Structure formats: C-alpha cells, structure tokens
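This report concerns only the one structure given below.
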Amino acid sequence: MELCVVGDDQQAIYQWRGSDVSNIVTFPQRYPDMATFEITVNRRSRPQIIGAANRFAETIPERIDKQMLPHRPSANSPQPEVVVWTAETETEEAGWIVSYILDLADDGVPLRDIAVLVRSRAAYPRLVEQIATFGIPVQPGGHAPSIRAAPAPRSAWSGR
Ligand SMILES: Nc1ncnc2c1ncn2[C@@H]1O[C@H](COP(=O)(O)OP(=O)(O)OP(=O)(O)O)[C@@H](O)[C@H]1O
C-alpha cells in the first residue's frame, strides 16, 4: 500500500476540531521509510508578506524548520505591504484602523479595495462606532454580518 500525506505544519488551524500538528511534525520519525517532498515556493503572496510570515513562523515552537520563498515580485506601490501595530484598548485599535483607512483613501486607494478582517464579532462594536463617526461606507461580509452599512457623505466619498 502507498500512502501520500500532505500538510503544512504552519497552518495548524483546526486544533479547535481536535487536530494535532504533531501528527505531521513527527511523521518522519514514526514512518522512517518514506520520502519527503517540500513545496516552499509561495505563489500567492508578495515578498514582504512572505518575509513577515517567515519571521513569525520562527516563533512557533516545535515547528519543521523551513523558509517560504517568494515567486511574485514586490508590489510597485508606495504603501508598505505589512504594518504591525498593537493597541492597548479596542477603541484605540478601532481609531487607528479608521485613520489608516482614511490615509489610504487620501493616497487614492479605492475604499472598495480595503477590507478589515476581525477576529470575532466581539471586535465589531468599537469598529462600527469609529467607521460611523467618519461616515465611511462599509459592506459587511461573512455569514452573519453584524456591521451595518454606515451612511456615506457623498461629497466626501463620491467617485470612490
Ligand atoms: N503554479 C502556479 N502559478 C501561478 N500562481 C499560482 C500557482 N499555484 C498557485 N498559485 C497562486 O497561489 C494561490 C494559492 O494557491 P493554492 O490555494 O493552491 O495554495 P495553497 O498552498 O493551498 O494555499 P493555502 O495553503 O494558503 O490555502 C492561487 O490562488 C494562485 O493565485
């Protein structure tokens, strides 16, 4: 019998369903008579994002040591591809997100090209509050959207 096992130890996202990343990390020790083929070229993301992901991955304990390599060139954009920022409170966080959205809009980035991903619905209220304060139009996503579209002042956002 031949068995082909495919997995990425850096994407252990199903632990909440009982998966255990050690299954893939220790596979070569448990089944020594096997061949390993590594796919380390990332064709999805640009180099700065892959660099940030590599640096973060190095902090994962008991990982398989590897570096993802970029395939795509850097974006030809004045905007940084990755910005890391932390806040003390949800309100401060929401304020920073909205101010960053406004900066991007000032730089000519269409609002429809900007998405905010949130951890959970608990993060919505402060964000909605700030988005509404600045009248930024928003289209909710996900299966059970909690963000309601805020009325947009057309004079400020027309054409975007
Ligand atoms: N051979 C290829 N040539 C060009 N682009 C590719 C190629 N393979 C993948 N891509 C790009 O990378 C994206 C991700 O590919 P895919 O979903 O197969 O990777 P993945 O490893 O399953 O990703 P993830 O694990 O992050 O879900 C694709 O949507 C496509 O844009």
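A short reminder: the numbers here are calculations on the coordinates, not readings from a lab. Source: prediction; values computed, not measured. When we count neighbours, we look across all protein chains shown, and the Cβ atoms used for this are built from the backbone with ideal geometry, even at glycine.
Some observations on this one:
- Simple label model, 7 Å out from Cα along Cβ direction - ALA53 to TYR100, nm: 1.8
- Of the residues GLY95, GLY135, GLY18, the one that moves most in a GNM of the chain with alpha-carbon contacts below 10 Å is GLY18.
- Projecting label points 7 angstrom from Cα along Cα→Cβ for ARG17 and SER74 puts them 3.8 nm apart.
- Solution diffusion estimate, µm²/s, Stokes-Einstein, the chain, Kirkwood Rh from C-alpha pairs, 4 °C, viscosity 1.567 mPa s: 67
- Dividing the convex hull volume of the alpha carbon atoms of segment 61-102 by its residue count gives 115 Å³ per residue.
- Computed from point charges on the beta carbon alone (+1 for Lys and Arg, -1 for Asp and Glu), the dipole magnitude for the chain about its Cα centre is near 580 Debye.
- Gyration tensor over alpha-carbon atoms, segment 1-82, equivalent ellipsoid semi-axes in Å: 29, 15, 11
- Part-to-part distance (alpha-carbon centres) for segment 17-79 and segment 87-109, which is given in Å: 30
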